[in-house]
Amino acid sequence: MSDTPTDYAFGMIGLGTMGRNLLLNMADHGFAVAGYDKNQKQVDLLGQEGQGKPVKGFTNAKAFVQSIKTPRAIMMLVPAGAIVDSVIADMTPLLAPGDILIDGGNSYYLDTERRDKELDAKGLHFFGMGVSGGEEGARFGPSMMPGGDKDAYKTMQPVFEAIAAKVDGAPCVAWMGPGAAGHFVKMVHNGIEYGLMELIAETYGVLKTGLGMDNAAIGQVFAQWNEGRLQSFLLDITKDIFAFNAPDSDHLLLDDIKDEARAKGTGKWTSQVAMDLQAPLPTVDTAVSMRDLSKYKQLREQLAQQYGPAAGQLAGDKEEILKQLENAFYFSMIMSYAQGMHMLARASEEFKYDLQLATIAKIWRGGCIIRSAFLNDIFNAYEGNNQLAHLLLDGKVQQLVQGSVGGSRTVIAAAVTAGLPVPAYTSALGYFDAFRTGRLPSNLIQAQRDYFGAHTYELIGKEGVFHTQWTGMRSKPEAPAGTAANQPPATPPVAGNKQSNEEPTTPQA
């Protein structure tokens, strides 16, 4: 490691687990890197773990910035929110026009857009980059989703491609799009992650309570599934959890963990933004709600005593149920990914991100938390047609869905009959059945809205927007705001009376 104070190629602000491991990953690939943290213990850890590598830690911000060769490239890996703004405020006076600042945390995409504009006005290059893979991914190869300043990314591209996870020799990193596209894609990634984790938890409940299986047998099921078409990072770590005993004991650590799931907010963001985009994500919504519900432990126990045990054994042949459960999980997993990809397509259109969905699926195949064998099918679907309106329209995906949906119906019916909560499974099936229904009963909702609030409706085969006086007045096209047709009638209609100040006609529904 050189003692020259200005020759480091890259700087990292925040030497927690992720920041420290990313720096060590870069050092392993031959890049001389510097790290900064106010906490001396974190700096000392970097020194210990990076012994013999081209890496140096600092607790002095000015010395840290001066140690990096210009134009400087510095990345922040700190908690999202006000801390990011605080770090930017501290660092900006130490930087020079042309320097690059990267936010590698889980920042909310609108915050990233704001920071992009603010730093651009100061002559600084800035981009947000989602980083997925956890501690192990950061150290040995994450999936990274940069967006924003494309020229700044190109400057960093050799570094990020070197440290990224590789699948078939291809690095799991690519420029996502302009503005906050990188953080937006990471947000959706995390939403899909919420859905998949809830599905696995519900599967655990079916196996443990519904089928009465012990931990060893449950672990074996997850291990077996992970060897087949369900292969994924989340199932891989789940099988490990079912083989990990509590310290100095003969039982699983899992059995000692409270059934109260916490969250850092990215799943909630995904649901909120999806509603703004009118992109339905019921499985993610359910996963977020179930984490919230799980926190009411005392209330749940009180209700369990008041109403008695909810869940019983599933009826039917155990081996057949296990076979159908594998189908049900596969089907529900497809729906989770499909919901997320549809949200990305809507965001690409709404925010002009021009997202390449095939590229997103490609870089998610390795390094990230939601990596799975099925992402190859998603990649193939969008590689063939990036304008595919919905993943379920792809012919290969259709075959996979039709081959597994029966298992979903069987398992949900058995679970509901037994009183087992499987809301994520149910939401996935409801999403599919609703989306493949050519005519939904939503026309009744429109009629109700018009009845109580004069919100209008549209008619099949007729142009215009209509409103009906449901107590007897006829319907009429809605006129533009401010015209005479929108003014109160000269003689207010009487409820039940078909007369009006216009020529009578047959009421329209």
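The values are calculated or read from the model by the stated rules, or taken from the named source; none is laboratory data. Fair warning: this is a prediction, and the values are worked out from it, not measured in the lab. Cβ coordinates were reconstructed from backbone atoms using ideal geometry, including for glycine residues, and neighbour counts include every protein chain displayed. Surface areas here come from the heavy atoms of the whole protein model, side chains and all, with no ligands, DNA or RNA. Shrake-Rupley method; radii C 1.70, N 1.55, O 1.52, S 1.80 Å.
The figures follow:
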{"item": "Residues of the stretch 38-57 satisfying the condition of being open to solvent by 30 Å² or more (accessible area, probe 1.4 Å), in contact with a strand residue (DSSP E or B) (Cβ under 8 Å, 6 or more places away or on another chain) and without any contact (Cβ under 8 Å) to a residue 40 or more places away in the chain", "result": "Gln42, Asp44, Gly47"}
{"item": "Entirely in the stretch 204-314, the helices (runs of 4 or more DSSP H) that have 2 or more residues that are open to solvent by less than 50 Å² (accessible area, probe 1.4 Å) and either at pLDDT 95 or above or not aliphatic (A, V, I, L, M) (or both)", "result": "215-225, 233-241, 266-277, 282-294"}
{"item": "Count - residues of the stretch 89-118 that are assigned to a helix (DSSP H, G or I) and either surrounded by 20 or more Cβ atoms within 10 Å (Cβ to Cβ) or touching a Gly at 6+ places or on another chain (Cβ under 9 Å) (or both)", "result": "7"}
{"item": "Ala80 open to solvent by 20 Å² or more (accessible area, probe 1.4 Å), of a type outside the set (Val, Ile, Thr) and in a loop (DSSP other than H, G, I, E, B)", "result": "yes"}
{"item": "Qualifying residue in the stretch 180-201 (condition: open to solvent by less than 40 Å² (accessible area, probe 1.4 Å) and over 17 Å from the mean Cα position of the chain (by Cα))", "result": "no"}
{"item": "Filtered residues of the stretch 293-341 (kept if over 21 Å from Trp225 (Cβ atoms) and in contact with a Phe, Trp or Tyr (Cβ under 8 Å, 6 or more places away or on another chain))", "result": "Gln339, Met341"}
{"item": "Conditions (1) in contact with a Ser or Thr (Cβ under 9 Å, 6 or more places away or on another chain); (2) exposed (fewer than 14 other Cβ atoms within 10 Å of the Cβ); (3) not in a helix (DSSP H, G or I): number failed by Glu458", "result": "(1)"}
{"item": "Residue ranges of helices (runs of 4 or more DSSP H) in the stretch 330-446 with at least 2 members over 18 Å from the mean Cα position of the chain (by Cα) and modelled with pLDDT of 95 or more", "result": "374-384, 395-418, 423-435"}
{"item": "Boolean, Glu301 is under 28 Å from Gly403 (Cα atoms) and without any contact (Cβ under 8 Å) to a residue 12 or more places away in the chain", "result": "no"}
{"item": "Checking Asp44 against (1) within 18 Å of Phe140 (Cα to Cα); (2) over 34 Å from the mean Cα position of the chain (by Cα); (3) acidic (Asp, Glu), the condition it does not meet", "result": "(1)"}
{"item": "Given (1) under 16 Å from Arg139 (Cβ atoms); (2) open to solvent by 10 Å² or more (accessible area, probe 1.4 Å); (3) part of a helix (DSSP H, G or I); (4) in contact with a helix residue (DSSP H, G or I) (Cβ under 8 Å, 6 or more places away or on another chain), index of the condition Phe31 fails", "result": "(3)"}
{"item": "First in the stretch 400-415 and at negative phi, second anywhere and open to solvent by 50 Å² or more (accessible area, probe 1.4 Å) and at pLDDT below 95, Cβ under 7 Å, 6 or more apart", "result": "Ala414/Ala315; Ala414/Gly316"}
{"item": "Residues of the stretch 161-195 satisfying the condition of being assigned to a helix (DSSP H, G or I) and closer than 13 Å to Ser132 by Cβ", "result": "Gly182, His183, Val185, Lys186, Met187, Val188, His189, Asn190, Gly191, Ile192, Glu193"}
{"item": "Residue count for the stretch 119-141, restricted to those that are surrounded by fewer than 24 Cβ atoms within 10 Å (Cβ to Cβ), outside any strand (DSSP E or B) and within 26 Å of the chain's Cα centre (by Cα)", "result": "6"}
{"item": "Within the stretch 142-156, tally of residues that are in contact with a helix residue (DSSP H, G or I) (Cβ under 7 Å, 6 or more places away or on another chain) and either open to solvent by 10 Å² or more (accessible area, probe 1.4 Å) or small (Gly, Ala, Ser) (or both)", "result": "3"}
{"item": "Cross-chain or 6+ apart pairs with Cβ under 6 Å, the stretch 359-371 first and open to solvent by 10 Å² or more (accessible area, probe 1.4 Å), then part of a helix (DSSP H, G or I) and of a type in the set (Asp, Glu)", "result": "Ile369/Glu193"}
